[in-house]
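The values are calculated or read from the model by the stated rules, or taken from the named source; none is laboratory data. The structure presented is a predicted model; accordingly, all values stated were derived computationally and were not measured. Cβ sites come from the backbone with ideal geometry, for glycine too, and all protein chains shown count toward neighbours. The area values use the complete protein model at the heavy-atom level, side chains included, leaving out ligands, DNA and RNA. Shrake-Rupley method; radii C 1.70, N 1.55, O 1.52, S 1.80 Å.
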Amino acid sequence: SGRRAALLAALGQELYWIDPQNRAVPVVEEAIGLARRVGDDRVLASALVQSIFLPFGPDSGEKRLRIADQLQELGRKLGDRETLMLGHAYRLTELLQMGEVPALDRELEAFAELAHELRMPHHQWHVSALRAMRALLDGDLEAAERFAEQARAAGERAEQPLAAQFYGIQLISLRRLQ
C-alpha cells in the first residue's frame with residue numbers, strides 16, 4: 001500500500017543517518033517499487049527524495065541526475081512545485097559536481113524563476129547563495145560578495161540557519177581569491 005511505501009521511505013531516511021552497513025538502500029528501493037506498483041506518485045516522490053543521497057561510486061552523479069529528473073517529472077504531473085523545486089536543487093548540485101556549467105546555468109535560472117513564483121523566503125535566499133557560487137566560479141568577486149550578502153540577509157529573514165554557514169564559506173572563498 002501507499003502507507004507502507006511511505007513508512008519504508010521514512011525508515012530508509014533514518015537508516016541512512018545511523019547505519020554504516022547501508023541497509024537504507026534496499027529499504028528505499030522497496031519503497032520506490034511499492035509506490036510505483038500502487039500508483040501513488042506523492043509517496044513515490046517522497047521515496048525518491050530519500051534515495052537521492054544513496055548512490056555512491058563513479059556513476060553516482062548520473063544516477064542522482066536521473067532521480068532529480070524523475071522528481072521534476074512528478075512535480076509537474078502532480079502540480080507540486082515544491083517537488084519540482086527539489087528536482088531543480090538536486091540537478092544543480094550534480095551539474096556543479098560534474099562541471100557542466102552551461103547546464104548548471106540553465107538549471108539555476110529555472111530554479112530562480114520557480115523560487116520567484118513561489119515567493120517563499122527559504123527558496124529565495126538559496127537563489128542568491130547559488131548566484132554567489134556562480135560568480136565565484138566565474139571569478140567575478142564583486143558580484144560574488146554582493147550575492148553572498150544578499151543571501152545572508154535573505155537567509156536571516158527566512159530564519160534559515162544554513163544561510164550563515166553558506167555566507168561564511170563563501171566569504172572565506174572570496175577572501176582567499178582576493
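A few comments on the model shown:
- Derived scalar couplings ³J(HN,Hα) [the range 161-176; Karplus, 6.51 cos²θ - 1.76 cosθ + 1.60; whole Hz; x for Gly, Pro]: x, 5, 4, 5, 5, 4, 4, x, 5, 5, 5, 4, 4, 4, 5, 5
- When the solvent-accessible area of the range 107-178 is split by element, carbon and sulfur atoms take up 53 percent of it, the probe being 1.4 Å.
- Full extension of the chain segment joining Leu141 with Ser60 gains 26.0 nm, where the gain is 0.36 nm per residue of separation less the Cα-Cα distance.
- Highest-MSF residue in the chain out of Asp138, Asp40, Asp105 [GNM, Cα springs under 10 Å]: Asp138
- Cα centroid separation, the range 153-178 to the range 79-105 (Å): 20
- Solvent-accessible area of Phe166 with every protein chain in place, 1.4 Å probe, in Å² to the nearest 10: 70
- Helix axis angle, 2-18 relative to the chain longest principal axis, alpha carbon, degrees: 50
- Computed extension gain for Arg3 through His116, at 0.36 nm per residue and net of the alpha carbon distance, reaches 37.4 nm.
- Extending 7 Å from Cα along the Cβ direction at Leu177 and again at Arg157 yields two label points whose distance is 2.5 nm.
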